[in-house]
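Data first, discussion second: the structure below is written as structure tokens.
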Amino acid sequence: RRHCATCGAPPLPRPCMTAVSPASSGSEALPSAGDGEWAPDSWRRFPALQQPEYPDAAALAEVEDRLARNPPLVFPGETQRLKASLAAAGRGEAFVLQGGDCAETFEDFSSASVEATFRLLIAQVIAMSYLSGLPIVKIGRIAGQFAKPRSALTEMTADGLEIPSFRGDIIHSSDPDEAARVPDPERLVRAYAQSAASLNMLRALAKSTATMTEWTDLISTLGGPAQRDLVERIEDALQFVSACGVAVEGNAAFREPEFYTSHEALLLPFEQALTRRVATPATRGGSGGGSGGAPSEAWWNTSAHIVWVGERTRQLDHAHVEFLRGISNPIGVKVGPTTEPEYLLQILERLNPANEEGRIMVIVRMGAEKVWRKLPPLLRAVTAAGKHVVWSCDPMHENTIKTASGVKTRPVDLVLNEMNAFFSVHAAEGTVPGGIHLEMTGLQVTECLGGEASPVSEQSLADNYKSACDPRLNGSQALEMAIAAGKRLRERSRR
Ligand SMILES: O=C[C@H](O)[C@H](O)COP(=O)(O)O
Ligand SMILES: C=C(OP(=O)(O)O)C(=O)O
């Protein structure tokens, strides 16, 4: 039996909860773990970091059983289509916008919050596709983004009590109270139900026929006077295509945009319970099921279209990588500033030995300064090895600061700087920037500092700070990021 390399805890029956940050950068030899036969539960043979310790193992097992009998949240046919779109993004023929809450909560769930995130994403997409001329692949951090990895095992309450850190509503309550932080397996069922309700609403919203004017109005509202010119240019372009006899609003891509869901595959009992063996669906323009005949069967995680492995849990010889290597979905891999090229090649080999296009999105989160130095060696190594990846930029996670009064925030300037640096490094290396990954909400929260349309000051952070974990960009700040990305893509296409 293998023990956790970090804390020495046995892998079973209690997974290791040690919070490590970040995962080893690793230039070590490829460990033997993961070479054995894969099964949805083979991760249980490996150390699993950042997992809750459930006091009642039988109650957890009963919940897992129940979830395993529930219908899938998403369908492999949809997931397969996402993979094809990601393959296009890897080649520079599309671009990914992935965004949503840091942590979804039970309390703040409402049709208004789901709709606000959906509407923001569509407004961003309209601005980005106008500016870049590229199809934008829409992925929400939504309908399953409930579990949070934490840097510390404990946190202090306002009255000076040390209690277990909040790890997300799927695990326990955020109430600042020792008893409330005991993990409760019934919360997995509630998270599943909330995800199903969110997906139901997202599918309906994607089919609802909002008019172009509604989206350009939203861009005007969120972007303020600075975006008046952009809105006028989009309206002119629409008038022109309609004068040419093309009805944008009647077009299937506009009326029924493909919208995908994602979350960190952190809580492995939940992910396992939603992993199903089904026939690999046919893709548009291809069998997708192998060479002729009946489609082959494969394992698909039906909790989301794409799931990612976080910076703290991506150790090659640990449970999360073991779980992810066996599912057929696209996989995101977060990589922070300590990541070495050798490690990146090893994890690509482990998660995508066939080098399938659209399978891996490397989500770079290095910080506004470090990205200049740390990203080029990764780009060079992956290019030299001929590996297919989609390079995405998460400019949020290494740009978190605390104000003097202890509030976690992110200056929009730093977030923008990291994203701009990401584009510049790709331009210098001749590689393809494939996407951005943002923690954001359509609600006008005051969690990140700055922004052009209605700047948030340190004093106004308290006005509407709602995040359950990390600070999110509000609608105006997130639109500003999307417009900046669209401009960089436009420059790229003109080079
Ligand atoms: O969203 C990412 C992590 O869960 C989060 O940044 C952890 O925050 P912490 O460092 O306060 O634990
Ligand atoms: C935990 C997250 O990020 P990272 O693993 O990059 O810290 C996240 O995106 O929610």
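The values are calculated or read from the model by the stated rules, or taken from the named source; none is laboratory data. Just so we're clear, the structure is a prediction, and the values are computed from it rather than from any experiment. FYI the Cβ positions are ideal-geometry reconstructions off the backbone, even for glycines, and counts take in every protein chain you see.
Listing for the model above:
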item: Looking only at the stretch 109-166, and only at residues there that are within 16 Å of ligand 2 (Cβ to nearest atom) and of a type in the set (Ser, Thr, Tyr), the one that is surrounded by the most Cβ atoms within 10 Å (Cβ to Cβ); result: Thr117
item: Scan of the stretch 396-407 for residues that are more than 11 Å from ligand 2 (Cβ to nearest atom) and in contact with a Lys or Arg (Cβ under 9 Å, 6 or more places away or on another chain), ordered by number; result: Asn399, Ile401, Lys402
item: Among the residues listed as Gly451, Gly434, the single one being within 20 Å of Gly223 (Cβ to Cβ), of a type in the set (Gly, Ala, Ser) and at pLDDT 95 or above; result: Gly451
item: Qualifying positions in the stretch 440-495 - closer than 20 Å to Glu398 by Cα, more than 16 Å from ligand 1 (Cβ to nearest atom) and either surrounded by fewer than 15 Cβ atoms within 10 Å (Cβ to Cβ) or not hydrophobic (A, V, I, L, M, F, W, C) (or both); result: Thr446, Gly450, Gly451, Glu458, Asn474, Gln477, Glu480
item: Criterion violated by Arg187 - all others in (1) buried (at least 17 other Cβ atoms within 10 Å of the Cβ); (2) among the charged types (D, E, K, R); (3) modelled with pLDDT under 90 satisfied; result: (3)
item: Restricting the stretch 408-431 to residues that are within 16 Å of ligand 2 (Cβ to nearest atom) and within 19 Å of the chain's Cα centre (by Cα), the residue that is farthest from Tyr465 (Cα to Cα); result: Phe422
item: Selected residue (criterion: farthest from ligand 2 (Cβ to nearest atom)) from residues of the stretch 451-474 that are hydrophobic (A, V, I, L, M, F, W, C) and over 19 Å from Ala404 (Cα atoms); result: Ala453
item: Qualifying residue in the stretch 154-165 (condition: farther than 14 Å from Thr261 by Cα, touching a helix residue (DSSP H, G or I) at 6+ places or on another chain (Cβ under 6 Å) and at pLDDT 95 or above); result: yes
item: Every residue from the stretch 426-461 that is of a type in the set (A, V, I, L, M) and in a strand (DSSP E or B); result: Ile436, Leu438, Met440, Leu449, Val456
item: Residue that is farthest from Ala57 (Cα to Cα), among those in the stretch 167-183 that are away from ligand 2 (no atom under 16 Å from the Cβ) and touching a residue at least 40 places away in the same chain (Cβ under 8 Å); result: His172
